[in-house]
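Take a look at the structure set out below.
Where a number appears in this text, it was derived from the coordinates with a stated rule and is not lab data. Please read all numbers here as calculations on a predicted model, not as lab measurements. Because the Cβ atoms are built from the backbone with ideal geometry, glycine has one as well, and the counts that use them run over all protein chains shown.
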Amino acid sequence: MILVTGTDTGVGKTFVTVSILRYMKNIGRNICALKIVETGCRPICEDARKISAVCKESIDPIYSFKTPVAPSVAAEIENKEISIEKIKERILSFSKNYEETLFEGAGGLLVPIREKYTFLDLAKELNMEVLVVALNKLGVINHTLLTVRICQLEGVNVKGVILNHRGDVDESSRTNYKTLKELLNVPIYLFSKPEDVEAFVHLIFPE
């Protein structure tokens with residue numbers, strides 16, 4: 001089980017998740033993904049919709065909220081209750097149906113699912129490995145190093161970092177990959193064009 005997390009919100013977690021799913025399915029692997037909690041569903045949960053389209057089955061988030069804030073805050077605003085046990089049971093049940101499973105979080109690792117319980121806590125309790133998605137822009141070096149470091153301090157294995165590049169190239173985006181590769185002690189992959197997915201998928205999911 002792999003938790004797909006980000007260094008921030010809006011860095012391309014769903015884009016990376018869907019790209020991996022599409023490639024793996026095209027080569028015949030039994031894989032699917034589940035969005036654990038999705039906020040900002042007005043009214044459609046767009047991330048879950050994209051995942052469902054690739055998996056070719058309807059896969060709703062375990063919890064969904066209209067308010068585009070952290071899950072714990074959205075639940076409070078909308079007067080709903082989030083059950084961590086329900087989340088864990090759904091993840092374990094879902095993972096039994098496929099050879100490989102991806103579980104997409106909301107925002108970053110330390111985003112609270114409820115009260116003081118974060119996605120990092122969930123990964124630790126379920127012994128999930130983590131795939132970090134980072135957006136190739138100014139500031140990504142610090143955000144990525146912090147995310148990887150907290151995983152390692154908490155005993156969570158990092159499968160790798162996907163440096164997602166989109167938009168124009170500047171001095172920061174031109175040099176971030178090289179700098180992070182020198183500083184990180186986990187694999188990092190640059191994702192700037194569709195065919196890049198092949199390069200890192202086989203390392204993340206060995207035969």
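Structure notes:
- Violating pairs (Cα-Cα greater than 27 angstrom) within the set Lys88/Lys193; Lys50/Lys80; Lys56/Lys86; Lys50/Lys116; Lys66/Lys178: Lys88/Lys193; Lys50/Lys116; Lys66/Lys178
- Computed over neighbours whose Cβ is under 12 Å from that of Lys88, the net charge equals -1, Lys and Arg +1, Asp and Glu -1.
- The chain: DSSP helices with Cα axial extent of at least 24 Å and average Kyte-Doolittle hydropathy no lower than 1.0: none
- Against the rule of thumb 2.2 N^0.38 Å, how large the Cα Rg of the stretch 111-207 comes out: 1.14
- In a simple Cβ point-charge model (Lys, Arg +1; Asp, Glu -1; nothing else charged), the chain has a dipole of about 200 debye relative to its Cα centre.
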